[in-house]
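In what follows, a single structure is set out as structure tokens and then discussed.
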Amino acid sequence: MATWNDIENAEPEFAARVRKIFDAHKHKTIATLRSDGSPRISGIEAQFADGELTFGSMPGARKGADLRRDPRFALHSPSVDPTPGNEASWTGDAKVAGRAVYASELDGEIPGELFRTELDEVVVTGLNEAGDALVIDIWTGARGLRRVERA
């Protein structure tokens, strides 16, 4: 398992690209596991701070209950369409997967629970310079950063 700081140290350019994609829009999508093992998709906000990727869950939210029971999750960045005629300029999509670790209660205007992440995989999917093939950059703790192209 890796922290966001570990990824920034190991692959700073890749980490900066992932963070830029995630930070481009406020709302992200998280997948958690229900008690019966089926997936649950929820909207969520996430933030990078002090070498950590964190997110919160409001009081009584099912995603928080899911994560306390089974910490596995996948988080997807906001997704935007490529510009027609200029597909190669598309910034792509970013995804992370791993385990959510309860960090603390959230005090303030909106109470809730704060989770920090331990990451197994970080992925950016984009297009090549010609805009005619997918380029998938994948980081895992076991294999480091690698690239796959699919025409």
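Odds and ends about this structure:
- Residue within segment 127-145 that is basic (K, R) and either within 30 Å of P59 (Cβ to Cβ) or at pLDDT below 90 (or both) present: no
- Hits in segment 34-66 - residues which are surrounded by 13 or more Cβ atoms within 10 Å (Cβ to Cβ), outside any loop (DSSP other than H, G, I, E, B) and among the small types (G, A, S): S42, A46, G56, S57, G64, A65
- Failed condition for F115, given (1) in contact with a Gly (Cβ under 8 Å, 6 or more places away or on another chain); (2) aromatic (F, W, Y); (3) under 18 Å from E13 (Cβ atoms): (3)
- Sole residue being under 24 Å from A88 (Cα atoms) and touching a Gly at 6+ places or on another chain (Cβ under 6 Å), chosen from V148, V124: V124
The values are calculated or read from the model by the stated rules, or taken from the named source; none is laboratory data. Every value quoted in this text rests on a predicted model; they were computed, and no experiment measured them. For neighbour counting, all protein chains shown are included, and Cβ atoms are generated from backbone atoms with ideal geometry for every residue, glycine included.
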